[in-house]
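Following: one structure in structure tokens, then a few remarks.
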Amino acid sequence: MIAAMPLLAPPRADAPEARSPRTPPTLRARSVIPGRQRWEVPILCRRPALAHVVERFLNEDVSIVEARVNPVTGSVLVLHAPNTPSRFIAGLVRDAVTRSLACTDAEHTAAPVDAVNHPDIRPRQGAGAGDGRVPLGGSGGRPGPARLGKWSAVLLGGGAAAVAITACGKFALTVLGQPLISLGLAAAATAVVVRKAWRRQADREQPGSREVAMWRRPLRRIVGRHRRQLGAATALSVFAQLAEITLYALVPSIVLVLARGESAFLARLGVAGVATQLPVLVGAAALACLTMAALGYGADVAWRRLGQTIEDDWRIRTYAHVQRLAPVDLENERTSRVNTVLTEDISQLGSFVGTNLHDVVQLATSLAVLVPVYLLLAPQLAWVAFAPVPLVAWLSFRSHERAVADHVASGKHRWRLHNRMADNLQAHTTIKVTCTETHETTRVSELSREYRDANRSTDRSAAAQTQILRLSACSALVGTLLLGGRAVLGGGLPAEAFGPLIEMPGNALGKLTRLGTITDQYQRTLAALGRVQALNDLPVESGADLPHLPTQRVKGEIELRKVTFAYPGRQATLRSTSLAIAAGRTTGIVGPTGAGKSTIAKLLMRFRHADQGQVLLDGVDVRDLGLSDLRHAIGYVTQEPFLFDSTIAENIRYGTFHATDAQLIAAAHTAGAHSFIADLPAGYDTLVGERGAALSGGQKQRIALARTILRDPPIVILDEATSAVDNETEASIQRALQVFGSNRTMIVIAHRLATVRGADRIYVLGDSGLVTEHGTHEELLALGGTYTNLWTLQAGQQVSA
Ligand SMILES: Nc1ncnc2c1ncn2[C@@H]1O[C@H](COP(=O)(O)OP(=O)(O)OP(=O)(O)O)[C@@H](O)[C@H]1O
């Protein structure tokens, strides 16, 4: 029996990280891909009890599908919905670790975490009777004592404030009645609310946005050279908002004129008598209404257009940059990350400008009007108008955070349901074969019901939050009516000055309710800008400015001189490899899988660079040749060629866009593709589908071969380019290629020795790209080495086949 030990022992001296639970734990991203993240958390290393609690906290979170913590390595694996922002998950991991660490404190004062199924976890003696569950508080899932402490503080603070106001209510009212003091207090309180919310959101959802915000004028970077458009959209927004405020001010004034008979202010302006004043005021209101609608429409269109222009601008610029990146930056999972930046992040920049900036300008205009108007016309009411500002700002942030959490919760259910349905559709044959239709229908119904229930509670809370926000915003209206009415009755405020002020705070506060969303969007935009900028900062392939190499001057003599090369983090693929490829001849390269044959082609095309040694073309190091010229001189056909989702003709013409139909068909003939293309109902106009899905492997290879033949480069590399075609077709392609290949440097990489049999020279590679044999087919057979063994083996296989 394992001896009982403290529930969560403090970090051991030999633990990799010993820190106070108050300092944020160190997290290092190991891999972050949509739907799956792996983090390294040193503090969890060799602390099984802590790791177990972190795992439980994470698995209790609705946004996480599954979490696994390895106490030996301190690695945390999180599986989640692919559309959940990865930063959000990172925040959850950090939060779970912090909360688990905080339990170390809590165990002194409250119920322990528990003695659940883990031998390391035992309640401390006298620490309270655990019920076998982690004490979680409400939706936040925080340990009870922490929440209790927070609420006690709120209650104590509220109580103290109430006592203070009762005790010195008159004094407080007198102080608040000073407009500048009330304005200052409201501004300070709002600043505190915004700052706290900003930090919370930045830490939980968008790490990195704070750093980007430190850049000088991030908005200016986003907008770039479209400042004029920004100015025009801003002006339209400001005037539309002024028209709206005017309308809000005119309506109560009209009612006032009707009630009191006449407006002294208008009479002083020469518009006397209610019969004249009424149509003037109504006309002004109608004009304000029209202006508001027209300018509002103009502003909306201008902002949307600006958003789209910015998006378009960034996308084109970034895409052009991505095209010039080294292939190494676009391999494997990096492609999906780059794709996310090009699509989602750049859309975020555009949509923030297109939708949220409009709101920001309107809010700023409302406050810019509200403050001086109140200070001028009714300074004694200013505190009523300003007091709800921090409260509404706080509620706006809270409701937005809740909305995000709700959205994540329902997103998890939606993801499960969609996954199940997509799986079932793909597995329809299996389901039919196993007669499990009813079973699957039941499973989908259950998931659908869970999703419906999750949505119901999300909808309820969203509706409640909207109304709570409205209610708080309306409190300003009630306060203004109450205190303003009393001031008018007491003679301290002229009714004519009070009328236009009634609706103004409500209008401004209504806009303030969007503050949470705007701040959140701003942070997302900053984080997106950071990623877009990082992509744009990646170095491009060098060599565009190197000496020109006209294709017609290329002879095609290639040499690898003691080349050593290793992919990052791998053993050397080529170790001091040397080989010479004669100009205008056909050279075969054979060898076991992984020997480095394709790597030689990549080095020649400068997709990668040799760590040592040189790759020479016509005696010049390829690094000293113009990149575009070098690649123009080489035609490279791979085993798995890429076909675009268009017609066969367009795919063959890709790169030689002006080729005539006759040239196109001639190339297809040489590649052995014409006969099968001609048999298709739409011939050369046949759509090949996504990545050539509507064609067989051998057909795709022949189209790619035709594409290179049409380009007519002086050097051609066929890297298993005909591996998927049958022997007979390959033999006929080879016959056709003999004409095409005369006076052209051809490098044929193949496993099937029959493919290279006719080559002028064949290199046999061994481990680490070492050349073990070379010569013609006959010379190699005479050697009786590896090549002979392979040939005998393959010939035997053919005979038995
Ligand atoms: N992008 C890469 N990153 C890391 N390692 C790589 C990469 N590409 C290839 N390798 C490794 O380099 C070695 C040589 O690969 P290469 O594709 O050149 O072999 P090959 O001789 O052409 O093999 P095959 O006959 O199977 O096509 C292999 O061990 C492979 O795993």
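A few remarks follow.
- Under the simplified labelling scheme, the residue 478-residue 640 pair shows an inter-label distance of 6.6 nm, with each label point 7 Å from Cα along Cα→Cβ.
- Förster radius 41 Å - calculated FRET efficiency between residue 330 and residue 98 (Cβ-Cβ, nearest 0.05): 0.65
- Charge tally around residue 766: other residues with Cβ under 11 Å, Lys/Arg +1 each, Asp/Glu -1 each, net -1.
- For the range 558-657, the alpha carbon positions stretch 44, 29, 26 Å along the principal axes, listed from largest to smallest.
- Within-12-Å neighbourhood charge of residue 392 [Cβ basis; K, R +1; D, E -1]: +4
- When the alpha carbon gyration tensor of the range 341-456 is reduced to an equivalent ellipsoid, its three semi-axes come out at 52, 19, 8 angstrom, largest first.
- Convex hull volume per residue, computed on the Cα atoms of the range 173-537, equals 189 Å³.
- Qualifying aspartates and glutamates (Cα of each under 14 Å from Cα of residue 562; at least 8 residues distant if same chain): 611, 621
- For the peptides 512-520, 634-642, the ranking by packing is 512-520, 634-642, with the highest mean count of neighbouring Cβ atoms within 10 Å listed first.
- Kirkwood Rh and Cα Rg combined as Rg over Rh, evaluated for the range 654-707: 0.93
- Accessible area in square angstrom per residue, the range 173-537, 1.4 angstrom probe: 52
- FRET efficiency, residue 364 to residue 228 (Cβ-Cβ, R0 22 Å, nearest 0.05): 0.65
- For the pair residue 770 and residue 267 in one chain, pulling the backbone fully straight at 0.36 nm per residue adds 170.8 nm over the alpha carbon distance.
- The range 304-388, accessible surface, carbon-and-sulfur percent (1.4 angstrom probe): 58
- If the segment from residue 663 to residue 628 were pulled out straight at 0.36 nm per residue, it would be longer than the present Cα-Cα gap by 10.2 nm.
- With the simple spin-label model, which puts each label point 7 Å out from Cα in the Cβ direction, the residue 450 to residue 794 separation comes to 5.4 nm.
- Cβ-Cβ distance of residue 533 and residue 457, R₀ of 35 Å, FRET efficiency by 1/(1 + (r/R0)^6): the value works out to about 0.35.
- Cα gyration tensor shape for the range 663-762, rounded if a/c is under 1.5, else prolate or oblate: prolate
- Annotation: extensible slack from residue 433 through residue 88 equals 120.0 nm (criterion: 0.36 nm per residue apart, minus Cα-Cα distance).
- Inter-centroid distance (Cα atoms) of the range 551-601 relative to the range 276-332, Å: 53
The values are calculated or read from the model by the stated rules, or taken from the named source; none is laboratory data. These numbers were taken from a predicted model, which means no experiment stands behind them. Here the Cβ is made from the backbone with ideal geometry for all residues, glycine too, and neighbour counts use every protein chain on show. Heads up: the accessible areas ignore ligands, DNA and RNA and are worked out on the full protein's heavy atoms, side chains in. Shrake-Rupley method; radii C 1.70, N 1.55, O 1.52, S 1.80 Å.
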